[in-house]
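I have placed the structure first, in the form of structure tokens, so that the comments after it can refer back to it.
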Amino acid sequence: RDRGCYLLKTTTPFRSTVWLLFEKVVFLCVSLIVQLAIARYLQPELFGKLSYLLALVALVSPIMALGLNSIVSREVLLRPADTSQIVGSSMALRLLASVVVASIMIVLAYKLLPLDDWALFSFLLISNIATSALVVDFWLQAHVANRYGVLLRLSVLAIFGVARLIAIDQDAELAVFVYLAGFELVFTGVLYLLAYHKLAGGLQFLQMSLSESRRLLSDSRWLLFSGIAAMIYIKVDQVMLGIMIGDRAVGIYVAAARISEVWYFIPIALVTSFFPQLMNKKVVDATAYAMDLQKLNDLLFALSVGVAIIVSLSSSWLLPFLFGDAYADSAAVLVVHVWVAVFVFMRSLLSKWLLTENLLRLSMLSQVLGAVANVALNYFLIPIYGPIGAAYATVISYAVAGYLVLFCHSSLWPMAIIVSRSFILPLRAIRHGNQLYNLS
């Protein structure tokens, strides 16, 4: 039996969404204040170097995760009696992969990075091994018990937010902020282990099973490749800017991206909380399932366009006001980059849909095409337009991965129709009014 089912206090999808939204709002406020303080303190060049090192580690992190994250939630939902083996095997696989990948990358980076950067990069990689324990968070998601993860993450946020502000007050060097990022990963992993120990009746019930491991790896291999590709088109712009132009360009770009990405908690919270409900409705009523997909996608589209318009119109004064005059060049980058939100919001639902429909290979295809497009576009646009070129490359690559790819295979056409209908939401609303979702 899934022992956690008897110890967890689950909530409805709506209340779960409220918890996640509460977390993200608090996280938004606290992290934004801390990030602004760090950016102002370090100035564009050192802030760019910090972002560059974190981006390098982020490119490696999907390999360490092995694509198991969403698989854990799905398998716990479908096979609750096997929870101890699912969670235990997933955690063991992630731990093994993290150790191997970190070791290989540390050796390779020694020949590619300056010695000081290599030492900091190596520390971050070793710290990232602790993220193996994040498997517990997906176990919580499967039980719609997100509030435990919320409380845990907010505790970490408070502790390390204060630590970073103290570091600024004490005129700390760049290395201190890198160390804090690494210790935060380790501390978070430890807390997740303690949470599972308490809520599931003890870590001793976790089991490592070779047959379960093979099953998980077989199911997750396409998500692994998807995760690698996704991280490439999320972070490769920062890495390529650092290599092709320099740390200051990364700092200018990241300042704009921080404001653009700060809204991404909205689709994550909505889709994560309603995912179990969507899975159940798919089995019970296919028509209602399709209509709920359209409703949710329309909502995500409308919210993203609203965010993009407001941020675009305010970018000229918003960036200098928040980050300081040294980041004035970031305003032009933000005007372009913020429109990524349109595809990011709807991509959150698309990713879950691909999982429920068992279209993991096509999920990988979409991520790979997005990654290839981003790398190619960055290669040509960064030398000409600098950070603004990287922003254009990001928007186009997200459009490729989140929309254009849907026309490449007949299995993806249902979602292509849903996304296309969302793009013409204003026209549909004018034409159908109150009957918008009562149509056959």
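The values are calculated or read from the model by the stated rules, or taken from the named source; none is laboratory data. Remember, it's a predicted structure, so these values are computed and weren't measured experimentally. Here Cβ is always computed from backbone atoms with ideal geometry, including for glycine, and neighbour counts include all displayed protein chains. Heavy atoms of the whole protein, side chains included, go into the accessibility calculation; ligands, DNA and RNA do not. Shrake-Rupley method; radii C 1.70, N 1.55, O 1.52, S 1.80 Å.
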Elements of type helices (runs of 4 or more DSSP H) in the stretch 182-297, at least 1 residues being modelled with pLDDT under 80 and of a type in the set (A, V, I, L, M): 210-244, 265-284
Unmet requirement for Ala102, which otherwise passes all of (1) of a type outside the set (Lys, Arg); (2) touching a helix residue (DSSP H, G or I) at 6+ places or on another chain (Cβ under 6 Å); (3) at pLDDT below 90: (3)
Filter result (open to solvent by less than 40 Å² (accessible area, probe 1.4 Å), part of a helix (DSSP H, G or I), among the small types (Gly, Ala, Ser) and farther than 27 Å from Asp219 by Cα) within the stretch 364-398: Gly389, Ala390, Ala391, Ala393
Hits in the stretch 349-363 - residues which are closer than 19 Å to Ala142 by Cα, at pLDDT 80 or above and either in contact with a Gly (Cβ under 6 Å, 6 or more places away or on another chain) or part of a helix (DSSP H, G or I) (or both): Leu349, Leu350, Ser351, Lys352, Trp353, Leu354
Residue that is surrounded by the fewest Cβ atoms within 10 Å (Cβ to Cβ), among those in the stretch 169-181 that are part of a helix (DSSP H, G or I) and not acidic (Asp, Glu): Ala175
Number of the condition not met by Asp298 [criteria: (1) more than 30 Å from Leu77 (Cα to Cα); (2) in contact with a Leu (Cβ under 6 Å, 6 or more places away or on another chain)]: (1)
Qualifying residue in the stretch 146-157 (condition: basic (Lys, Arg), out of contact with any strand residue (DSSP E or B) (no Cβ under 7 Å at 6 or more places or on another chain), crowded, with 16+ Cβ neighbours inside 10 Å and modelled with pLDDT under 85): yes
Test result for Val271, out of contact with any Lys or Arg (no Cβ under 6 Å at 6 or more places or on another chain), under 30 Å from Leu319 (Cα atoms), open to solvent by less than 40 Å² (accessible area, probe 1.4 Å) and in contact (Cβ under 8 Å) with a residue 12 or more places away in the chain: no
Residue match in the stretch 234-246 (condition: in contact with a Pro (Cβ under 6 Å, 6 or more places away or on another chain) and closer than 17 Å to Tyr327 by Cα): no
Matching residues, the stretch 167-193, being without any contact (Cβ under 8 Å) to a residue 12 or more places away in the chain and either more than 14 Å from Leu54 (Cα to Cα) or among the basic types (Lys, Arg) (or both): Asp169, Gln170, Asp171, Ala172, Glu173
Inter-residue pairs, beta-carbon under 7 Å, first more than 19 Å from Leu134 (Cα to Cα) and in the stretch 153-166, second surrounded by 15 or more Cβ atoms within 10 Å (Cβ to Cβ) and among the β-branched types (Val, Ile, Thr), 6+ apart: Gly161/Val30; Gly161/Val34; Arg164/Val34; Arg164/Ile38; Leu165/Val34
Those residues of the stretch 406-440 which are under 20 Å from Ser304 (Cα atoms) and at pLDDT 90 or above, in sequence order: Leu406, Met415, Ala416, Ile417, Ile418, Val419, Ser420, Arg421, Ser422, Phe423, Ile424
Every pair of residues 6+ apart whose Cβ atoms lie under 8 Å, when the first sits in the stretch 329-344 and is free of Cβ contacts under 8 Å to residues at least 24 places away in the same chain and closer than 21 Å to Phe265 by Cα while the second is in a helix (DSSP H, G or I) and open to solvent by 10 Å² or more (accessible area, probe 1.4 Å): Val335/Ser312
Ile129 open to solvent by 10 Å² or more (accessible area, probe 1.4 Å) and of a type in the set (A, V, I, L, M): yes
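Please enumerate the residues belonging to the stretch 287-320 that are open to solvent by less than 70 Å² (accessible area, probe 1.4 Å), under 23 Å from Ser420 (Cβ atoms) and without any contact (Cβ under 8 Å) to a residue 40 or more places away in the chain.
Scanning the stretch 287-320 gives Ala288, Tyr289, Asp292, Val305, Gly306, Ala308.
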Close pairs (7 angstrom Cβ cut-off, 6 or more residues apart or separate chains): over 15 Å from Leu185 (Cβ atoms) and assigned to a loop (DSSP other than H, G, I, E, B) in the stretch 95-115, modelled with pLDDT of 90 or more and among the hydrophobic types (A, V, I, L, M, F, W, C) anywhere: Leu113/Phe121
